[in-house]
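Input: a single structure, listed below in C-alpha cells.
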Amino acid sequence: MEKENIILVLFLMIGITCYAQVGINTEDPQATLDINGNLRIRTVEKCSGLPCTDSILVKTNGGYIQSISKAQLAISNNVSFVSGTGSGSTILANVIIISDWRRIQFDKEIIDENNDFDVITNTFTAPKDGIYKVYVQSKTSSLISAGDFGVGIFVQRGMNAPELVAEENYVNVSVLGISVSPPTRSTQILLALNFGDKIIFGVKSILSVDLLSETSSFFTINQVK
C-alpha cells in the first residue's frame, strides 16, 4: 500500500472515531444516527430468539426508536375498571377516617383485572396519572328517626390526611313514627388522580355499627382518560 493511501486510511479512521454521531439534514446530531426527516425501511432483519409478534418498534417522546414487547404495550394502555360490593355485619370497620366517618368494607370484587383495589385495606390506588369517575352507594334498613346517615368519597394524596371530596348526607326524617327518608345514599365525582393517590369510601352516621348492620354498599371506579 502506498504511503499516501495509508495516511488517508488513518485519517478516515480517526474521523470515524471522533465523529461517532452522524446527522442527516442536521448539523447537530444527538444520536449515533440522527435523521431530521422521514425514515423508510424496506427490509428488517427477522427477530432472533422471540417471534416477531412479541415486539414492536415505537417512537419515544425524544424522537428515538425503541423496541418494546406487546405485553409492555398492553400494560401501558390498560385503564383501570374496578367495582365491588359489601353487605352484612362486616360492612363497617371500626377505623375512623375523620370525625363521624367510618371506612366502608367491601367483601367482594366484581371487576378488578389490574388489582388496583386492595380488599384488605379497602383502598383503591391509582396505577397512573389520569381522570377517574368514582361512584359509591350505600343502603341501610336500620335507620332510626333521628339517624344522621350519609356516604362519602375520600382522596388521600401522598402522606396527607384523607380529604372528603364528595358526599350525600342528611338526617333521616319520620312522620308519625314512620320513616319517610329514602334508605339509599349515593354520590359520584370526576377526579384527576396522580400515580399512587388513594380513594377510600366512608359512611357517616351518629348510629353505632350494630344499628347499621343491615347496610349494603356498592362502588365503581372507571378511568376515563
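Once the range 181-225 is narrowed to residues that are of a type in the set (Ser, Thr, Tyr) and part of a strand (DSSP E or B), the residue that is modelled with the lowest pLDDT is SER205. Residues in the range 139-169 that are at pLDDT below 80 and crowded, with 18+ Cβ neighbours inside 10 Å: 4 in all.
Of all residue pairs spaced 6 or more apart or on separate chains, those with beta-carbon atoms under 7 Å, a first member in the range 192-205 that is of a type in the set (A, V, I, L, M) and a second member that is open to solvent by 30 Å² or more (accessible area, probe 1.4 Å) and in a strand (DSSP E or B) are ALA192/ILE131; ILE200/ARG103; ILE200/GLN156; VAL203/ARG102.
Candidates are the residues of the range 105-127 that are over 12 Å from the mean Cα position of the chain (by Cα) and among the β-branched types (Val, Ile, Thr); the one that is surrounded by the fewest Cβ atoms within 10 Å (Cβ to Cβ) is ILE120.
The values are calculated or read from the model by the stated rules, or taken from the named source; none is laboratory data. Note that the coordinates shown come from a computational prediction; the quantities given were computed from them, not determined experimentally. Here the Cβ is made from the backbone with ideal geometry for all residues, glycine too, and neighbour counts use every protein chain on show. Heads up: the accessible areas ignore ligands, DNA and RNA and are worked out on the full protein's heavy atoms, side chains in. Shrake-Rupley method; radii C 1.70, N 1.55, O 1.52, S 1.80 Å.
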